[in-house]
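The values are calculated or read from the model by the stated rules, or taken from the named source; none is laboratory data. As the structure is a computational prediction, the values presented were derived from the model and not from experiment. Cβ placement follows ideal geometry from the backbone for every residue including glycine, while neighbour counts extend to all protein chains displayed. Heavy atoms of the whole protein, side chains included, go into the accessibility calculation; ligands, DNA and RNA do not. Shrake-Rupley method; radii C 1.70, N 1.55, O 1.52, S 1.80 Å.
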Amino acid sequence: MFNPEVYKERRDKLKKSLGSGIYLFLGNNETPMNYPANCYHFRQDSNFLYFFGLDIAGMAAIIDIEDNKEIIFANDVDMDDIIWMGPQPSVKELAEKCLIFESYPFAKLNDYLQNAIKKGRKIHFLPPYKHDNIIYLNSVLGIPFTKMKEEASVEFIKAIVEIRSVKEEREIEEIERACHIGFLMHTASMRMVKPGMVEREISGIMEGISLTYGSVPSFPIILTKNGQTLHNNYHGNVLEKGDLMLQDAGAQTAMYYASDNTRTLPVGGKFSQKQKEIYEIVLQTINGSIPLIKPGITYMDVHLSACEILANGLKNLGIMKGDIKEAVRLGAHAMFMPHGLGHMMGLDVHDMEDLGQIYVGYDENTRPSNIFGTSSLRMGRELKEGYVITNEPGIYFIPELIDIWKKEKKFENFINYQKVEEYRYFGGIRLEDDILITKNSSRILGKTRIPITIEEIEDFMN
Ligand code: GLY
Ligand code: MN
């Protein structure tokens, strides 16, 4: 936890932008894997962590504006818990760690809320994503399961997004720490990967490094020779000389701040000429985006400029053709990059995605696109000092997508399908850095950038 005052200051700041009513924060519970006592790694809800800092299952909190109260609801451990889990602080002691001086057993939350409902008071809640919390809200507030998202409080969501988007200095330090762990994970893989290894032999070591220095990785590691599948979590392939291996992995610190980096390596330690040509385009795109990333510009504009760099590179290879600005405007490049350039990052690797992408990545001035590819951009709005985002362009040859578009003769003016066939089994290349928006520009997070040029990667691997 940070100092107790940090959480109080954050709540005070939040309260300034809240209206009237009761604002409910549901923490997370333990989640069984295959029987009740065998649980997944516990992860507290990030909003709960941000405003209360308590990394404990089974808690809830409220901020009651009219009654000027902040209350934690949770159960004290009993002797049985102490026997199995060891001594635990009381809920009162835990609440004091975030400067809250009123606490009750969890069951009292129901009474508090029912009482408020009887008085016609509004209960604001955030979009739940855990089934037990959805069931709780249904049973206590009577909200139908299918209406949970639309009944969540937009005012509450917007107030939190406003605050959590701008990272505090102490949060940036934590993210830097996560990036350093990420550096150790990615470079360990670079040292290790050899033909004949199974993907999981490498992803397992990377996961272990994250655990050793902080917590579990910030999301399930993507490590695959089939990088054309964007979120490929299957780690059972044998790596062969000449394969590309895409590794998209991030760490979490002990306080759950995330990193998220991607590198693509040549198995055997040397890129082929064909691999080098595609790799250089992705490298030009990630590097070409950096000078564009600064306060005042929308990330939608950076995304579109990055796609133009990428599509121009593909045109130079004869894979795309025609007016590239127009091709990107219409979405022809999305055959090769069907995802967005990046997302917010902080306590969540896709920061605040539980609150709704429309509120996190967009605003009244920047609306999401409905064009395939650009519609997957999670963060489009204007950048501000203190935001942390990812910059992650990629080029993929997805045989199933090629076949459909080719059959439909889609964007024939912009895509040279005959040439594309030469790359049918190429796979995919993605490169990803984490970026802090500074006062007038931006910088890559992490003390040392993970090797990224062809020369750096080949040197490192050999
Ligand atoms: N690194 C995985 C993702 O950004 O979705
Ligand atoms: Mn990412």
Query - When residues of segment 19-52 are limited to those that are open to solvent by 20 Å² or more (accessible area, probe 1.4 Å) and among the hydrophobic types (A, V, I, L, M, F, W, C), the one farthest from MET148 (Cα to Cα) - result: ALA37
Report task. Kindly provide the set of residues from segment 376-405 that are part of a loop (DSSP other than H, G, I, E, B) and within 16 Å of ligand 2 (Cβ to nearest atom), ordered by number. Result -> LEU377, ARG378, MET379, GLY380, TYR387, GLU392, PRO393
Report task. Would you mention how many residues in segment 145-160 are assigned to a helix (DSSP H, G or I) and either open to solvent by less than 10 Å² (accessible area, probe 1.4 Å) or of a type in the set (Ser, Thr, Tyr) (or both)? Result -> 6
Query raised in the report: Which condition number does ASP111 fail, the rest of (1) buried (at least 18 other Cβ atoms within 10 Å of the Cβ); (2) under 27 Å from GLY19 (Cα atoms) being met?
Result: (1)
Query raised in the report: SER259: under 17 Å from LEU431 (Cβ atoms) and either within 16 Å of ligand 1 (Cβ to nearest atom) or at pLDDT below 95 (or both), yes or no?
Result: yes
Report task. Within segment 320-330, identify whether any single residue is within 16 Å of ligand 2 (Cβ to nearest atom), part of a helix (DSSP H, G or I) and surrounded by fewer than 23 Cβ atoms within 10 Å (Cβ to Cβ), and answer yes or no. Result -> no
Report task. Give me the pairs, please: first residue somewhere in segment 130-156 and under 21 Å from GLY21 (Cβ atoms), second residue anywhere and open to solvent by 40 Å² or more (accessible area, probe 1.4 Å) and among the aromatic types (Phe, Trp, Tyr), beta-carbon distance under 8 Å, and either six or more positions apart or on two chains. Result -> ILE134/PHE145; ASN138/PHE145; VAL154/TYR359
Query raised in the report: Among the residues of segment 331-358, which ones are touching a residue at least 24 places away in the same chain (Cβ under 8 Å), more than 16 Å from ligand 1 (Cβ to nearest atom) and assigned to a helix (DSSP H, G or I)?
Result: ALA332, HIS333, ALA334, MET335, LEU355
Query raised in the report: Restricting segment 224-267 to residues that are within 14 Å of ligand 2 (Cβ to nearest atom) and hydrophobic (A, V, I, L, M, F, W, C), which is nearest to ARG164 (Cα to Cα)?
Result: ALA258
Requested in this report: Look through ASP67, ASP55 and report the one residue that is out of contact with any strand residue (DSSP E or B) (no Cβ under 9 Å at 6 or more places or on another chain) and open to solvent by 10 Å² or more (accessible area, probe 1.4 Å).
Outcome: ASP55
Query - Hits in segment 344-369 (condition: within 19 Å of PRO393 (Cα to Cα) and either among the basic types (Lys, Arg) or open to solvent by 10 Å² or more (accessible area, probe 1.4 Å) (or both)) - result: VAL349, HIS350, PRO368, SER369
Report summary line: Over segment 226-255, the set of residues touching a residue at least 60 places away in the same chain (Cβ under 8 Å), away from ligand 1 (no atom under 16 Å from the Cβ) and either crowded, with 20+ Cβ neighbours inside 10 Å or among the acidic types (Asp, Glu) (or both) is ASP243, LEU244, THR253
**Report entry** Enumeration of residues in segment 437-462 that are part of a loop (DSSP other than H, G, I, E, B), open to solvent by 20 Å² or more (accessible area, probe 1.4 Å) and either closer than 20 Å to LYS270 by Cα or of a type in the set (A, V, I, L, M) (or both)
**Finding:** THR453, ASN462
Query raised in the report: Would you pick out the residues in segment 129-170 that are modelled with pLDDT under 95 and of a type in the set (S, T, N, Q)?
Result: THR146
Report summary line: Within segment 399-432, the residues that are acidic (Asp, Glu) and within 30 Å of ASP260 (Cα to Cα) are GLU400, GLU432
